[in-house]
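Shown next, in structure tokens, is the structure this report addresses.
The values are calculated or read from the model by the stated rules, or taken from the named source; none is laboratory data. Predicted model only: the values in this text are computed from it and were never measured. FYI the Cβ positions are ideal-geometry reconstructions off the backbone, even for glycines, and counts take in every protein chain you see.
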Amino acid sequence: MLKKLDWYIIRKFLGTYIFAIILILAITIMFDINEKLDAFTKAPLDATIFDYFLNFLPYFANQFSPLFTFIAVIFFTSKLADNSEIIAMLSSGVSFRRLLLPYMVSAAVIATSSYVLSAYIIPPANIERIEYTNTYVKNKRVDYGSNIQMQIAPGQIAYMSRFDNTIKTGYKFSLESFEDKKLVSRLTAQSIKWDTLYRWQVRDYMIRDFIGDREYIKSGKRLDTIITIEPRDFLISKNDHETMTTPQLKEYISRQKERGVANIKSFEIEHERRYAMCAAAFILTVIGMSLSSKKVKGGMGMNIGIGLVLSFSYILFSTVTSTFAISGYTSPLIAMWIPNFVYSIIAIVLYFKASR
């Protein structure tokens, strides 16, 4: 059962966390306006406010949630220790382990909120934000592809010489079907146009079916058909992984692996990062609480300085390990959880040192 003391610490923790987010976001807005001033003057004001900033701020806040969590713990715990409140709590019979409970409850609230935001709320908002930046800041869309070849289903290989996403049309298309490594059917077309979902329209086509020793040929000018691919399966832009909810991301990764697509490291990293960030909230909370629960000669400033160094080192460590995954040196799962593993050891050491 949570007691009055626990609620006091939870309010202090979450209040400081929210205050830190608001403060840093205010600074971020100023720098972002200065950096993108030319784009903001060209874009409509309502698009800048509603399509960009209202979607950018939650995205930025959630990206640096571990940093905000750590700073909040360091700041308010150092203040409690500086006012001798931690000493009073321990002297009244509250154990260091029991004192950690409200911290973990607060970390659970932050971790749950962070996951819900990153998994379900922020990705749809990112679609509008990225569309805004592509339109008014810098276009990072991938609208063209060449020599596209992929497995769309077991035994089915599709190929396009070129695809233009601005008109949703591919050229020199072929679709080959195999059974027991033997070609049984081949569809070729001069062009193929995407409609919606998996609906495609092939033009100037020829279908060759191989049955036994005989070949059957059918041709025509236009044919509406279902082919289980869509442009986003082979035209992958830099920020596409940020626009998918976690269920969509999981389904996309699974589907692309079945098709033999290799360029999905960023999607796998994003999937693992969303879970790793939740664990980071607990790990960094323990580190922050253990570091700042005792008075130090340097006062609160010393604790905040140490906290900033550790939190930024965690973010830097995560960035470095993610590049290892992109380069193929390790799997995305290992890459995103290595920082948590290392900092878990640091948290355990600091916890036992502080509890003595």
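Observations on the model:
- Close contacts from segment 83-105, counting a first residue that is of a type in the set (Phe, Trp, Tyr) and a second that is at pLDDT 85 or above, with Cβ to Cβ under 8 Å and a gap of 6+ residues or different chains, come to Tyr103/Ile9; Tyr103/Phe13; Tyr103/Val73; Tyr103/Thr285; Tyr103/Val286; Tyr103/Met289.
- With respect to the stated conditions, Pro124 is out of contact with any Gly (no Cβ under 9 Å at 6 or more places or on another chain), on the phi < 0 side of the Ramachandran plot and surrounded by fewer than 15 Cβ atoms within 10 Å (Cβ to Cβ).
- Qualifying residue in segment 196-215 (condition: over 27 Å from Ser254 (Cα atoms), without any contact (Cβ under 8 Å) to a residue 40 or more places away in the chain, among the small types (Gly, Ala, Ser) and not in a loop (DSSP other than H, G, I, E, B)): no
- Matching residues, segment 216-241, being without any contact (Cβ under 8 Å) to a residue 40 or more places away in the chain and either among the β-branched types (Val, Ile, Thr) or touching a helix residue (DSSP H, G or I) at 6+ places or on another chain (Cβ under 8 Å) (or both): Ile217, Thr225, Ile226, Arg232, Asp240, His241
- Conditions (1) part of a loop (DSSP other than H, G, I, E, B); (2) farther than 17 Å from Met289 by Cβ; (3) β-branched (Val, Ile, Thr): number failed by Ile18: (1)
- One residue stands out in segment 231-252 among those that are part of a loop (DSSP other than H, G, I, E, B) and at pLDDT 90 or above: the one that is surrounded by the fewest Cβ atoms within 10 Å (Cβ to Cβ), namely Thr245.
- Scan segment 151-195 for residues that are part of a strand (DSSP E or B) and among the acidic types (Asp, Glu) and the total you get is 3.
Yes/no matrix, rows are residues, columns are (1) surrounded by fewer than 18 Cβ atoms within 10 Å (Cβ to Cβ); (2) among the aliphatic types (A, V, I, L, M); (3) assigned to a helix (DSSP H, G or I):
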position	(1), (2), (3)
Glu270	no, no, yes
Arg273	no, no, yes
Cys278	no, no, yes
Phe282	no, no, yes
Val286	no, yes, yes
Met289	no, yes, yes
Thr319	yes, no, yes
Pro339	no, no, yes
Val342	yes, yes, yes
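- Subset of segment 324-352 that is under 20 Å from Ser313 (Cβ atoms) and of a type in the set (Val, Ile, Thr) - its residue that is farthest from the chain's Cα centre (by Cα): Val349
- Check on Gly212, touching a strand residue (DSSP E or B) at 6+ places or on another chain (Cβ under 8 Å) and either farther than 30 Å from Leu333 by Cβ or not assigned by TED's automatic domain parsing to the domain that holds Pro332 (or both): no
- The numbered conditions (1) surrounded by 16 or more Cβ atoms within 10 Å (Cβ to Cβ); (2) out of contact with any strand residue (DSSP E or B) (no Cβ under 9 Å at 6 or more places or on another chain) are all true for Asp180 except (1).
- The lone criterion from (1) without any contact (Cβ under 8 Å) to a residue 24 or more places away in the chain; (2) in contact with a Gly (Cβ under 9 Å, 6 or more places away or on another chain) left unmet by Phe70 is number (1).
- Options Phe68, Phe31: the member that is touching a helix residue (DSSP H, G or I) at 6+ places or on another chain (Cβ under 7 Å), of a type in the set (Phe, Trp, Tyr) and assigned to a helix (DSSP H, G or I): Phe68
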